[in-house]
């Protein structure tokens, strides 16, 4: 799928950002990635709420092969082919995929919120040792 096709496909959904990603495109709305367009097809974000809909349509999760194994990415599922011709249904599925991506974002831990460690720079640690040595020498 090329960029122009994706722009037309998502026209009724609303504004989306389409960026190069891997061997295709990542599609996002409101800064949240909710769809992938890859050589293998179009994949929407899915979770425990939406996966049954994909299964009912006979869709499969995204997967790729490495030298050692086949990796299944259960968070992105292939869009049923019939939706490419049914604009209203496509928009509903796209909104559901965006909602799944938003739910997933809420579940993940915010970046940078790790427990703060008391880090002493090496130079400062070295100075403390020197000061400690100087004090012990003068005391003796």
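The values are calculated or read from the model by the stated rules, or taken from the named source; none is laboratory data. Just so it is clear, the structure is predicted and the values come from calculations on it, not from any experiment. Reconstructed Cβ throughout: ideal geometry from the backbone, glycine too, with neighbour counts over all protein chains shown.
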Report summary line: Over segment 18-46, the set of residues surrounded by 17 or more Cβ atoms within 10 Å (Cβ to Cβ) and not in a strand (DSSP E or B) is 46
Requested in this report: Take segment 37-53 and flag every residue that is free of Cβ contacts under 8 Å to residues at least 24 places away in the same chain and within 24 Å of residue 7 (Cα to Cα).
Outcome: 39
Query raised in the report: What are the residues in segment 61-75 that are surrounded by 10 or more Cβ atoms within 10 Å (Cβ to Cβ) and either out of contact with any helix residue (DSSP H, G or I) (no Cβ under 8 Å at 6 or more places or on another chain) or modelled with pLDDT of 95 or more (or both), if any?
Result: 61, 62, 63, 64, 71, 72, 73, 75
Report summary line: All-but-one check, residue 49 against (1) loosely packed, with under 15 Cβ neighbours inside 10 Å; (2) assigned to a strand (DSSP E or B), failing number (2)
Report task. Output yes when any residue across segment 106-121 is outside any strand (DSSP E or B), at pLDDT 95 or above and farther than 21 Å from residue 15 by Cα, and no when none is. Result -> no
Report task. Kindly indicate the residue of segment 1-17 that is touching a residue at least 60 places away in the same chain (Cβ under 8 Å) and either touching a strand residue (DSSP E or B) at 6+ places or on another chain (Cβ under 9 Å) or surrounded by 12 or more Cβ atoms within 10 Å (Cβ to Cβ) (or both) and also nearest to residue 88 (Cα to Cα) among those meeting that condition. Result -> 13
Report summary line: Just one listed residue, out of 129, 82, is closer than 20 Å to residue 61 by Cα and either modelled with pLDDT of 95 or more or outside any loop (DSSP other than H, G, I, E, B) (or both), and it is 82
Query - Conditions (1) in contact with a strand residue (DSSP E or B) (Cβ under 8 Å, 6 or more places away or on another chain); (2) modelled with pLDDT of 95 or more; (3) not in a helix (DSSP H, G or I): number failed by residue 58 - result: (1)
